[in-house]
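Notes follow the structure.
None of the figures in this text is laboratory data; all of them are computed from the coordinates on show. Quick caveat, the model's predicted, so the values are computed rather than measured. Every residue, glycine as well, gets a Cβ built from its backbone with ideal geometry; the counts of neighbours run over all protein chains shown.
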Amino acid sequence: MKPMKRDATPYYDSLETRPTELREQQLMAALPRQVAHAQANAAAFTQLLRDVDASTINSRAALASLPVTRKHELLERQKAARGDDVFGGFSAVGWGQRGGALRVFASPGPIYEPEGRASDYWRAARAIYAAGFRPGDLVHNAFSYHFTPAGSMMETGAHAVGCTVFPGGIGQTEQQVQAMAELRASGYIGTPSFLKLILDKAAALGVELPALKKALVGAEAFPPSLRDWLAARGVTAYQCYATADLGLIAYETQAREGLVLDEQIVVEIVRPGTGEPVPEGEVGEVVVTTFNADYPLIRFGTGDLSAVLPGPCPTGRTNTRIRGWLGRADQTTKVRGMFVHPAQVADIARRHPEVRRARLVISGEMANDRMTLQVEVSHAPPEGIAARIADSIRDVTKLRGEVVLSPPGSLPNDGKVIEDARKLE
């Protein structure tokens, strides 16, 4: 869909304000086609979804029946196929052939990601527009332009909005200040901490940056204290949540009440270590399905924690909102020389229908630690349930652990399945 006339609306396009029911209907109608496309054109999904009838994946419940692919699995497949397919079978395009990747990027691992030829391939324009950027603005893009895709991600998005881009990249703070002052950039895109460094350097040099009024930041935490610090210096900054694999996931609006999901993805919040969606409001891992034909990731686990916020955005955008980044979902830890994974905690809980939620707490000191599984059960738990759960702990983890029964709703809603509370000294 083409963007609306920019001076006629605060929204990037009409997708942002479509009725919630219509959005869900359209996303679910597109799911079977995307699953079938992934099965037919991405070898990894040909294997992972080999027993799946794509035509039946037309609801969130059906989507939740598919396996979650996590970043470490993607890396393992890429490493195993380095000589034949650097993308590990997850990309539907290579390069060199007509319609192949425009660029190839590398994230730590290394994990290689294709950039296709579509305009605004990473879908960053929506976040850039919501942050106040408009056609004719000069954007000082301080994301990296080498190895990782962040610089290209934001540049192509800014171009889609109608902005001109100065590719500042990272480092060289004094030269960044000089370029920003002489070109009179009206907006900054990059990490919030680097923007602070630039403004501090400008102050130290006695250089004023009166044209700089707006910013879109990401890739790291953006606390309210830093947001206020920037505002005190005349820069209104908003944040976005994006990854090298998926592109834009969610973005902040003027309401500053959570992050609104992008329009071209399906997001689920699942219990860490599983693919099971959690109730609305509960913290869990962000799992994303994209409609990107070049890189058709189905149920890709980001490893990030977040939670759904109730109700629509006060700005009139009708898509789901999430709380933003709340930590990491991969809480694997080592206890008495053995790794314990969130999936094992989920396995223990599944063996006992009485268990509603579980949280494994590792306490004591290193080399003298103990495990306690805190479980939420009904107010009248069956006799002997704690002993049976303890047996499951030993069976699944090969370690002994204590069991503490708690009433429903008593465990913290922070997404932690394994809490490492050991003393490090």
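The table below lists the values:
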read-out: Label-to-label distance, nm, for residues given as Arg356 and Asp13 (7 Å Cα→Cβ offset); value: 4.2 nm
read-out: Over the chain, relative contact order from alpha-carbon pairs under 8 Å, at least 6 apart, %; value: 12 percent
read-out: Stretch gain in nm, segment His146-Ala421, where the contour uses 0.36 nm per residue and the Cα spacing is subtracted; value: 95.1 nm
read-out: Relative contact order of the range 340-420, pairs being alpha-carbon contacts under 8 Å that are 6 or more residues apart, as %; value: 36 percent
read-out: Additional length obtainable on full extension of the chain from Glu76 to Ala231, 0.36 nm per residue less Cα span; value: 51.5 nm
read-out: Rounded to 5, the percent of DSSP beta bridges in the chain classed as antiparallel; value: 60 percent
read-out: Mean separation of Cα contacts under 8 Å, 6 or more apart, over the residue count of the range 87-157: relative contact order %; value: 29 percent
read-out: Sum of -39500 (n - 2.57) over DSSP H runs of 4+, divided by residues of the chain (222 nm, nearest 500); value: -8000 deg cm²/dmol
read-out: Of all DSSP beta bridges in the range 333-420, antiparallel share, percent nearest 5; value: 60 percent
read-out: Formal net charge of residues neighbouring Arg126 (Cβ-Cβ distance under 9 Å; K, R +1; D, E -1); value: -4
read-out: Simple spin-label estimate for Gln25 and Val404 in nanometres, 7 Å along Cα-Cβ; value: 5.0 nm
read-out: Overall form of the range 269-331 per C-alpha gyration tensor (a/c, 1.5; a/b vs b/c); value: oblate
read-out: Cα shape, the chain, gyration tensor, a/c 1.5 rule; value: prolate
read-out: The range 382-425 versus the range 59-114: alpha-carbon centroid distance in Å; value: 36 Å
read-out: Prolate/oblate/rounded call for the range 256-299, Cα gyration tensor, a/c under 1.5 rounded; value: oblate
